[in-house]
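Every number in this text was worked out from the coordinates using simple rules, so none of it is lab data. All values derive from a computational prediction rather than experimental measurement. Cβ atoms come from the backbone with ideal geometry, glycine included; neighbour counts cover every protein chain shown.
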Amino acid sequence: MNLHLTHEQLCDLILADSSLRASDDSDVVEQHLQACLICSAELKSLRDSLSHFRDASVAYARQEFAQSYAQRSSIAPPQSYLSQPLYWAAAAVLFVAALFPITLHQQQHSAAISAVKATAATPQMESDEALLADIDQKVSADVPSPMEPLADPTDGTTSTTSTSDQRTN
Amino acid sequence: MPSHAISSDSFSVTPQAITHQASATPLDDMDAIVATYEQRIFRFHLISIRDRDVAQTLTQDTFVRAWSARSSFRGDCSVLTWLMRIALNLVRDHTRTDRFRFWKKVSETAIDVSDISAHVPHRDSSLESRLIASEQMALVWDSVAKLSDRQRSIFLLRFLEELELSEIANITGLPISTVKTHLYRALATIRTHHNASLKDSI
């Protein structure tokens, strides 16, 4: 004769499923539980353990779900990242890396501008010097150019006429 | 996770498209389905796999698969039962791989029992009862880890999701008697650990 509940009887009490058909010895089991402190204590302890497991799992899953939902709906980096020094170091390196090409570009740009200015200024100076030299030459001349004697306009035609006369003759 | 958002746009269906289909299913309104069942599916994955990132990924996969196979939903079971069947298959596929066994050892997002213990509700404030409750929870948590994959899934469907045995039989495709047998064995493992713990404490 078994003094305590069998494993199946104990499990049926824990499962307590409405789809399970009530066994014929359910009344006997109930009477035994009322009389046997060991079985009732074990049943209570098992029920409590399963209940704690479920409650804690549900609460933990709810918290994790809320966190993942918040992470999905936020575009900001998660709080845990902001508290990590490695995150800040990586951000600083990225910032410097982004700044370096900009600085380099600015230096190249200023050098190119000065070169262009230098090349543009050289022909201007040459033409200015040529103009000044021309003015000096004209000022230092003995006779001003408006008073210079005119060139003989017949110089060229005389020789041509004589030649033609010779041909006709 | 982070990068694991479920976009409602990917599930959007125009009313014209629905009317063109021969038979509309409850799964056509996937936004409402996700809003209703996402947390529950996530919970099942989280406690089954015990890894937050994997649970997020599998939760998304569950709804993507449900959306892809919505035409095969015949309505002979509830939407939750159908989603749980997909979720269970995904957990089974995932735990079979060697990659899972490797990442389970090294993953930083794996759940530790101390994470869960902090969430044991304390209905009375005595320190002793709080310690006992945390110990009982940890005992079940460790025992569940020692169960076989099938026993663990059936145990969680019953004692975490509180589904009826007939629903579990529908999800797993097993007879109710087989489901009961798996539950008996799972409870036997837990009971053994429980009694050993009691003897140690005495």
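Obtain the nm distance between the two label points defined at B:THR36 and A:SER114 by a simple spin-label model: each point lies 7 Å from its Cα along the Cα-to-C-beta direction.
About 7.5 nm, to one decimal.
Grab the Cα-Cα distance for B:GLU135 and B:ALA118, subtract it from 0.36 nm times how many residues apart they are, and report the gain in nm with one decimal. Write out the running numbers ahead of the final one.
Numbers: separation 17, 0.36 × 17 = 6.12 nm, distance 1.13 nm.
Net length gain for the segment: 5.0 nm.
Quick one: if the Förster radius is 56 Å, what FRET efficiency do B:ALA69 and A:ARG47 give, using the C-beta to C-beta distance and rounding to 0.05? Present the calculation step by step, with values, prior to reporting the outcome.
Values: r = 38 Å, r/R0 = 0.68.
Rounded to the nearest 0.05, the efficiency is 0.90.
Kindly provide the trypsin sites (Lys or Arg not before Pro) of region B:45-79 that DSSP labels as loop, not H, G, I, E or B, and whose Cβ sees at most 14 other Cβ atoms within 10 Å. If you can, show how the numbers build up before the last one.
Details: sites: B:ARG50, B:ARG52, B:ARG65, B:ARG70, B:ARG74; in loops: B:ARG50, B:ARG74.
When the trypsin sites (Lys or Arg not before Pro) of region B:45-79 are filtered for loop state and at most 14 Cβ neighbours within 10 Å, B:ARG74 remain.
Please compute, for the alpha-carbon atoms of region A:80-125, the extent along each of the three principal axes and give them in descending order in Å.
66, 9, 7
Which percent of the Cα-Cα distances in region B:115-202 go past 20 Å? Can you show the working numbers first?
Details: 1692 of 3828 pairs.
Everything past 20 Å amounts to 44 percent.
How many nm is it between the label spots at B:HIS193 and A:ALA70, if each spot is 7 Å from the Cα in line with the beta carbon?
Each label point lies 7 Å from its Cα, and together they span 3.1 nm.
Can you give me the three principal axis dimensions of region B:130-179 from its C-alpha atoms, in Å, biggest first?
39, 19, 14
More than 14 Å apart: what percent of Cα pairs in region B:31-82 qualify? Can you show the working numbers first?
Values: 707 of 1326 pairs.
The proportion of pairs with Cα distances above 14 Å equals 53 percent.
How much FRET efficiency would the formula 1/(1 + (r/R0)^6) give for A:GLU148 and A:ASP128, where r is the Cβ-Cβ distance and R0 is 22 Å, rounded to 0.05? Each step should come with its number before you reach the end.
Working: r = 27 Å, r/R0 = 1.23.
Plugging the Cβ-Cβ distance into 1/(1 + (r/R0)^6) gives 0.20.
Tell me the Rg and the Dmax, in Å, that the Cα atoms of region B:155-202 produce.
Calculated on Cα positions, Rg and Dmax stand at 13.4, 43 Å.
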